[in-house]
Amino acid sequence: MSHAPASRKPSPLRTSRAPLDLDACRRDLWPRDTLRLAQGALPPAPTEVAWPEDDDQVRQALRRAADQGLVVVPFGAGSGVCGGASGRGDALVVDLKRMNRVLALDPDARTVRVQPGVLGQHLEDWLARRGFMTAHSPSSIWCSTVGGYAAARSAGQFSSRYGVFDDMLLAARAQAPAGPLLAGAWTPPGEEDLLPVLCGSEGALAVVTEVLLRVAPLPATRWLRGYAFPNLPTAWSAMRGLMQAGLWPSVVRLYDPLDTRLNRTTQGGRKHKEPDAGGLLSRLRQAVAAVPGLQGHLADLPLALPGLVNSLAGGLGSEVALILGFEGAPEAVAAQVELAGPHLAAGRDLGPGPGERWFAHRHSVSYKAAPIFIAGGFADTMEVAAPWSRLEALHDAVRAAIGRHGVVMAHFSHVYPEGCSIYFSFAAQGRLQTYDALWTEALAAARAAGGTVTHHHGVGQLKARAAAREAGAAVRVWRELKARLDPEDRMNPGRIFPGDEPPAPGPPPPDGGPVFAVDLDSTLAEVDPQADPRAIEEELARRGLAPRIRPDRPWARWLTTLRRDSLDAWEAPLFAVQARFPDGASARIGPAPRSAAGPDLRYGLLRRAHPELVQIPLRRFDPAVPDLVLRPRPGAPDARDLRPTWRKDDRWGFAPELAALAATVPSEPARGTPPRRSPSVPRRDAAPPTPLAPDPGPSPDPGPSPAPERP
Ligand SMILES: Cc1cc2nc3c(=O)[nH]c(=O)nc-3n(C[C@H](O)[C@H](O)[C@H](O)COP(=O)(O)OP(=O)(O)OC[C@H]3O[C@@H](n4cnc5c(N)ncnc54)[C@H](O)[C@@H]3O)c2cc1C
C-alpha cells in the first residue's frame, strides 16, 4: 500500500487574490478581533490564498511565498480563539480544506491516517461507519480540522479516558521551508523525534500534511450520571480519587456553583446547556428583566457591575454538579461503575438525567456570544491547568483577576491522575482596554499560582508573551529548531514566542536527591534524572510510593531515547523538566498535567541542556497489587478496551479489579531487584538530532487500506 495520498492527478495549485476569498481567511475566532469587528475595525486581509491538494502542492505554495516575499499562514478552519491564524497582510494563506481525505484505517493496529484538512466531525462520521472513533470531541468539532488540533494541541470532551490530541497523535508528516519532516512513529531511524515540537507549533514551523492517529472501537455501552456535591473541594477530591484509582472515566465534568445554579442541574433542571459566557449573560439578563421596575432599563447591569454580580453569585450557595461517564465493553463499564462508588460517597446521586442531557447538548454550545458583541460587550473563555495540589489556588487567583473586570464562572472538564484543567467563561463591557487588562492580569495570576497559561486553546497572539514567560530559557530549543526548519522565518513569524521577550530567570539547581520532592496529592515526584533509578525506587518505597514507569537507566538517558511509539500507554511519562544550558541559563518547564502553551519543549531541552530535575508520575505502592501484564483471553475484553492504548500489552495504569477482567500475569519483582526493561523501550541510544528527512516514499504498511475517500 502506498503511503502517499490518493493517486489522483493533481490539478495545478489553486490560488486566489479575489477579495471574497481573502476575506474568508482574514481572521480566526479570537474574541478580541470580534470585538474590534463589532467596532468597525477588521484585521488586514492576506495577500493571497492557496488551496493545495497534496504535499507537492504544499511545497509549491511554500516556494511561491518565498518567491513573492510573503510569510506563510497555514489555515485549518479558522476556529482558533487566540488569533493564531489571523491578521497578516503580507501573507500567503495555505488553506488546507482541499486536503481532506481519510487515507487508511488499520483496525488491528487501531490507527487511522488522515490529511490535515478533514473536519473533526467528518472524520468521526467516516470512522463511525466502520465501527471506530478517535473520541476527540472538542466543542468546535463541526468547525475545526485535524491539522488545527495538532497545531494548537487541542483537547476534547472525553480526554480523561482517551487523552488530549497530543496523546492520540502517533506520527505526522509536514512540509517546512527547509524540506519535508517526518515525526513520531514515522521518524527515520537515528533522527530526533520532533513530534513534540511540531505538535503545538501553530503554523510557525511547517505545514502539517498528514497524521497517524490512534482510534478506538465505538463503545458498546455508555453510562452517564450526575452527582451533587456540597462544594468544590469535596468534588475535586472525588475526581482525584477516581482518576488515581486507575479508573478511566470518559466524562468528568464539574460545574462551579453559579453554573450549577443557572443550569438547575442539581434541582432536576430540564435543559442542561454547556456553560458559556453568552448563555450566562442572557440568563443574567433574564434574571434582571424579571425584577419588576428593572425591565427595559438595566439590560447591561450584569456587565456594568461585574464585582456586584460575582459576589451575588458567590452567595448562591456552594452546591456543585458533577457529570460522570464510563464507556466501553459492558463488563468493564459495570466494573468501573462499581469501583467508582466509594469515591462518590460524599455526593448526592442525581440519576442519569444530567449526564444524558449534557451528552445530547454537548455540541450545541458556545455560539451564543454574538448577541453580547452586538450589545457592546465581549465574551471569552480561558482554560488553565495545574496539579491537584495547586488547583484551588489557581482557581481562586484567576477567578479574582477575571472577576475584577467581568462576570465569570467556571467548569472543570479535563481531569488526570496528576491534576485538572479549569475553564473560565466570562463576559465584560466591550472596551479594548478592559479586554487587554483582563487578559494580562488573568495570565499573570495563572502563572503566579503555578498553573499553565493554556490547557488546550493554544497561544496565538493572545498568549504569546505569557507562553514565552512560561517556557523561559527553553525558548532556545524552539529558536534552534525554527532556524533549522524555517531559516528565513517565513512560517507565521513571531507567533507562539515573540522575539523580544527576555527569558525569565530560571530556578537554582535542586538540593539533595535522588528524590527532591513528593507531591502526594498529585502523585508526582521530582527526582534526580542522573541518579540510578533503583535508588529512586528505594527512596520512594520507603515513603510507600513507587514510580509508575521504571526505566532501566537514569531518567535523563532513558527519556532522550524515547520515541513516540516506545510507550505502551498514552499517558505522559514525565511532567516538569529542569535543565541548565552550558552558559548557566536554566529553564523549568512542563507544569502538570497538560499544557498547550506552545510546543512541548521538554524532550528537546533534555537533549540540549544538562537535566537537573524531572517530575515523574507515581503510584501508591501496595505490595498486594502486582505489576500487571494483560493478555487478552477468549471472551475477555481486549485490554485496549479497558484503557485505550496503542499496543496490546499494558503494564500499568489499571485498577487491579478492572485488570482482572483480562487474564493477568503477576510480574512484580521482589523489592530491591533491578527494574525490568519494558519490551517497548528502544534499545538503541540517542542519535544526534537531524530533523530533516528525505521523503520516504512508501512506508511500512500499517494494515488493510480502504481506498482514500472524502469523508
Ligand atoms: C465554539 C468553539 C468551541 C471550541 N471548543 C474547543 C474545544 O472543546 N477544545 C479545543 O481544544 N479547542 C476548542 N476551540 C478552539 C479551536 O477549535 C481549536 O484551537 C482548534 O484546534 C483549531 O482548529 P482549526 O482547524 O480551526 O485551526 P485554525 O484556527 O485554522 O488554526 C489554528 C492554528 O494552527 C495553525 N494550523 C492550522 N492547520 C495547520 C496545519 N495543517 N499545519 C500547521 N499549522 C496549522 C494555524 O496557522 C493557527 O496558528 C473552540 C473554538 C470555538 C470557536
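The values are calculated or read from the model by the stated rules, or taken from the named source; none is laboratory data. Worth saying up front: this structure is predicted, and the values here are computed from it rather than measured. With ideal geometry, Cβ positions are generated from the backbone for all residues, glycine too; neighbour counts draw on all protein chains shown.
Selection over the range 39-59 of residues that are crowded, with 18+ Cβ neighbours inside 10 Å and either of a type outside the set (Asp, Glu) or more than 16 Å from the ligand (Cβ to nearest atom) (or both) gives a count of 11.
Does at least one position in the range 190-204 carry a residue that is within 15 Å of LEU103 (Cβ to Cβ) and in contact with an Asp or Glu (Cβ under 7 Å, 6 or more places away or on another chain)?
Filtering the range 190-204 down to residues within 15 Å of LEU103 (Cβ to Cβ) leaves none.
No, the range 190-204 contains no residue that is within 15 Å of LEU103 (Cβ to Cβ) and in contact with an Asp or Glu (Cβ under 7 Å, 6 or more places away or on another chain).
Would you say SER421 is within 16 Å of the ligand (Cβ to nearest atom) and farther than 18 Å from ARG32 by Cα? Step through it out loud before you land on a result.
On the way: within 16 Å of the ligand (Cβ to nearest atom): yes; farther than 18 Å from ARG32 by Cα: yes.
In short, yes.
Applying the condition of being on the phi < 0 side of the Ramachandran plot and more than 8 Å from the ligand (Cβ to nearest atom) to the range 142-163 and asking which residue is surrounded by the fewest Cβ atoms within 10 Å (Cβ to Cβ) yields TRP142. Looking at GLU571, is it at pLDDT below 95 and under 29 Å from the mean Cα position of the chain (by Cα)? Criteria met by GLU571. Find all pairs meeting these conditions: Cβ atoms under 6 angstrom apart; at least six residues apart or on different chains; first residue within the range 111-126 and more than 17 Å from VAL208 (Cβ to Cβ); second residue within 14 Å of the ligand (Cβ to nearest atom). Close Cβ pairs (under 6 Å, with a partner that is within 14 Å of the ligand (Cβ to nearest atom)) amount to GLN121/ILE141; GLN121/TRP142.
Give the residues of the range 97-109 that are of a type in the set (Lys, Arg) and in contact with a Ser or Thr (Cβ under 9 Å, 6 or more places away or on another chain), sorted by residue number. Step through it out loud before you land on a result.
Kept after step one, since they are of a type in the set (Lys, Arg), are these residues of the range 97-109: 97-98, 101.
Passing the criteria: only LYS97.
If the condition is being part of a loop (DSSP other than H, G, I, E, B) and either at pLDDT below 95 or in contact with a Cys (Cβ under 6 Å, 6 or more places away or on another chain) (or both), then the range 198-216 contributes only VAL215.
Check every one of the helices (runs of 4 or more DSSP H) wholly within the range 268-367 and list those with 2 or more residues that are crowded, with 19+ Cβ neighbours inside 10 Å and at pLDDT below 80.
Output list reads 277-289, 301-304, 306-314.
Residues in the range 482-500 that are farther than 17 Å from GLY458 by Cβ and surrounded by fewer than 19 Cβ atoms within 10 Å (Cβ to Cβ): 7 in all. Against the numbered list (1) away from the ligand (no atom under 11 Å from the Cβ); (2) touching a strand residue (DSSP E or B) at 6+ places or on another chain (Cβ under 8 Å); (3) closer than 21 Å to VAL71 by Cβ, GLY179 comes up short only at (2).
Within the bounds of the range 172-186, is there any residue that is in the same structural domain as GLY117 (by TED's automatic domain parsing), part of a loop (DSSP other than H, G, I, E, B) and touching a helix residue (DSSP H, G or I) at 6+ places or on another chain (Cβ under 6 Å)?
Of all residues in the range 172-186, those in the same structural domain as GLY117 (by TED's automatic domain parsing) come to 172-186.
Remaining after also requiring part of a loop (DSSP other than H, G, I, E, B): 177-178, 185-186.
If we keep only those that are touching a helix residue (DSSP H, G or I) at 6+ places or on another chain (Cβ under 6 Å) too, we end up with 177-178.
Yes; the residues of the range 172-186 include at least one that is in the same structural domain as GLY117 (by TED's automatic domain parsing), part of a loop (DSSP other than H, G, I, E, B) and touching a helix residue (DSSP H, G or I) at 6+ places or on another chain (Cβ under 6 Å).
A residue that is part of a helix (DSSP H, G or I), within 12 Å of the ligand (Cβ to nearest atom) and buried (at least 24 other Cβ atoms within 10 Å of the Cβ) occurs somewhere in the range 100-122. Residues in the range 217-260 that are in contact with an Asp or Glu (Cβ under 8 Å, 6 or more places away or on another chain) and part of a helix (DSSP H, G or I): LEU232, PRO233, TRP236, ARG240, PRO257, THR260. Figure legend. Inter-residue proximity from the range 332-345: first residues closer than 21 Å to ARG640 by Cβ, second residues of a type in the set (Asp, Glu), beta-carbon distance below 7 Å, spacing 6+ or different chains. Indicated pairs: ALA332/ASP641; VAL333/GLU327; ALA335/GLU657; LEU339/GLU657. So which residues in the range 65-87 are under 12 Å from VAL49 (Cα atoms) and either hydroxyl-bearing (Ser, Thr, Tyr) or part of a loop (DSSP other than H, G, I, E, B) (or both), if there are any at all? Once the filter is applied, which keeps residues that are under 12 Å from VAL49 (Cα atoms) and either hydroxyl-bearing (Ser, Thr, Tyr) or part of a loop (DSSP other than H, G, I, E, B) (or both), the range 65-87 yields only LEU70. Note down all Cβ pairs under 7 Å where the first residue falls in the range 73-95 and is of a type in the set (S, T, N, Q), the second is within 8 Å of the ligand (Cβ to nearest atom), and they're at least six residues apart or on different chains. That search, which allows pairs on different chains as well, returns SER79/ASP28; SER79/LEU29; SER79/SER140; SER79/CYS143; SER79/SER144; SER79/GLY148; SER86/ASP28.
For the range 188-216, the tally of residues that are within 13 Å of the ligand (Cβ to nearest atom) and more than 17 Å from GLY604 (Cβ to Cβ) stands at 6.
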